[in-house]
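Only the coordinates and a few stated rules stand behind these numbers; no lab work does. Predicted model, so just to flag it, every value in this text is computed and none were measured. All Cβ positions, glycine included, derive from the backbone under ideal geometry; neighbour counts span all protein chains shown.
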Amino acid sequence: MRQPLSRRGLISSAGLLGAGLALGAGRVLAQHAPAHGPAPAHAPATAHAPAAAAAHAHTDLTAAQALARLREGNHAFVDGRVAKGVINEARRVEVAAGQTPFAAFVSCSDSRVPPEHLFGCGLGDLFVVRNAGNTVDTVARGSLQYAVAQLGVPLIVVLGHERCGAVAAAASVVTGKAKFPGAIGQVTEPIIPAVIEAQSHGGDLVDNSVRANVKRTVARLRDDQEDVVLRPALRAGKLRVVGATYDLDTGVAVFFDL
Ligand SMILES: [Zn+2]
């Protein structure tokens with residue numbers, strides 16, 4: 001038998017969907033808050049209310065507090081101590097109704113640099129965009145916009161790392177040594193300006209390019225005048241974008257461009 005959607009459920013779902021459409025993210029939100037008419041018979045109407053309420057909750061942490069938590073988590077990781085992040089059944093149940101991550105990351109796909117591990121975080125703590133070379137294309141920017149506008153994330157960290165294969169590949173393209181098959185070349189393209197910039201610095205080209213690549217990505221996120229989500233949040237003091245590099249040998253992450 002079909003059950004009517006409760007009034008509270010209707011209001012919550014409609015509000016969520018409206019916010020999602022305003023963001024252009026209606027499809028994503030609709031998966032969590034189906035507001036297209038009466039609830040299907042197999043879904044109890046009351047099940048929508050807690051999920052909708054949780055989706056509106058944001059972290060209490062400021063950007064500075066989020067940064068402090070990441071630093072503390074990285075220290076714990078380096079020292080082999082237990083960090084604050086929790087991964088267990090209780091935490092899984094807690095975050096099932098809605099996520100309230102306190103930071104977003106743009107980081108590399110490299111198997112040695114999962115942000116949750118490096119910064120002692122658990123389920124529901126970080127909203128992470130990963131690709132080879134930690135760059136920002138339209139999909140990555142849209143994901144970050146979602147994290148800020150919808151999830152209220154106060155901090156975005158762009159994380160590069162030592163001996164990054166994607167950056168090394170871009171460096172080898174610039175120095176004329178390599179060509180890559182398939183779409184790998186397109187992965188290196190956004191990193192190439194950083195390599196060209198780093199060539200004038202002297203020292204290790206890949207290390208310098210890693211840092212230059214992070215700085216350029218941070219600047220792109222901070223300075224894009226046409227970004228209708230990140231720019232207002234930055235100007236209002238609700239968001240900070242910072243860079244960091246991770247040392248594979250020591251496990252230490254160093255933040256910069258604060
Ligand atoms: Zn990498």
(message) Regarding the range 169-258, what's the average projected area of the Cα-atom convex hull, expressed in nm²?
(response) 7.7 nm²
(request) Quickly work out the E89-to-F180 label distance, labels modelled 7 Å from Cα along the C-beta direction, and quote it in nm with one decimal. (result) 4.3 nm
(request) Any aspartates and glutamates with Cα under 17 Å of the K179 Cα? List them, leaving off those in the same chain fewer than 8 positions away. (result) E189
(request) Work out how far the C-alpha atoms of the range 86-152 reach from end to end along every principal axis, then list the three figures in whole Å, largest first. (result) 35, 29, 14
(request) Please compute the net charge surrounding T217, taking Lys and Arg as +1 and Asp and Glu as -1 over other residues with Cβ under 14 Å from its Cβ. (result) 0
(request) Would you mind counting up the charge near D249? Only other residues with Cβ under 10 Å from its Cβ, with Lys and Arg at +1 and Asp and Glu at -1. (result) -1
